[in-house]
Structure formats: structure tokens, C-alpha cells
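Inspection log for the structure reproduced underneath, given as C-alpha cells.
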Amino acid sequence: MPTCRDMTELSTEYLERSLGWRAWLGVRWHLVLCAACRAYYDQLAKTLRLLRGRPLGGIDAAMEARLLAARSTDEGSTP
Ligand SMILES: [Zn+2]
């Protein structure tokens, strides 16, 4: 099982689902047993969600607008 110090690194990988099943299980088990790491993990999960949610949403909206603009010009040029 990982130590509390390992958990700071492993939590990110756990969230990104880049861990093997053994490491994943170790992290999962540590989170069940350790309230401090659970609190840390919750905080990290919230932060990552915020960091990823905003820029991705912005890119998607801009991309959608561009795609819509491109489609309308295509329609205009077809005879
Ligand atoms: Zn811990």
C-alpha cells in the first residue's frame, strides 16, 4: 500500500486513470483508511475538475462557432 507521501503523486495518476490495477487498488485502499489523504484527494479532484472544465468548455464553444461559420459559408457558395 502507498504511504501518505506517495499519495500526493499517486492521487493525480489515480484521477487521470493512468494507474495499473495494483497501484489503483493501493490508492483506493489508502483512501478508505486515511482521512487526511481522502481530504487531500477530494480537494485535488475538485481543483482538477475546475481546471479542466473551464478551458475545455471555452475551446468547445469557440470550435462550435467556427464550425457553424464554416458550414454557413459553404452553404452560401454552393449553387
Ligand atoms: Zn494517507
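The values are calculated or read from the model by the stated rules, or taken from the named source; none is laboratory data. All values derive from a computational prediction rather than experimental measurement. Positions of Cβ are backbone-derived with ideal geometry, glycine not excepted, and every protein chain shown enters the neighbour counts.
Looking at 38, 54, just one residue is surrounded by 10 or more Cβ atoms within 10 Å (Cβ to Cβ) and modelled with pLDDT under 95, and that residue is 54. Look through the stretch 3-35, keep the residues that are part of a loop (DSSP other than H, G, I, E, B) and more than 11 Å from the ligand (Cβ to nearest atom), and return whichever of them is surrounded by the fewest Cβ atoms within 10 Å (Cβ to Cβ). Residue satisfying both the conditions and the ranking: 17.
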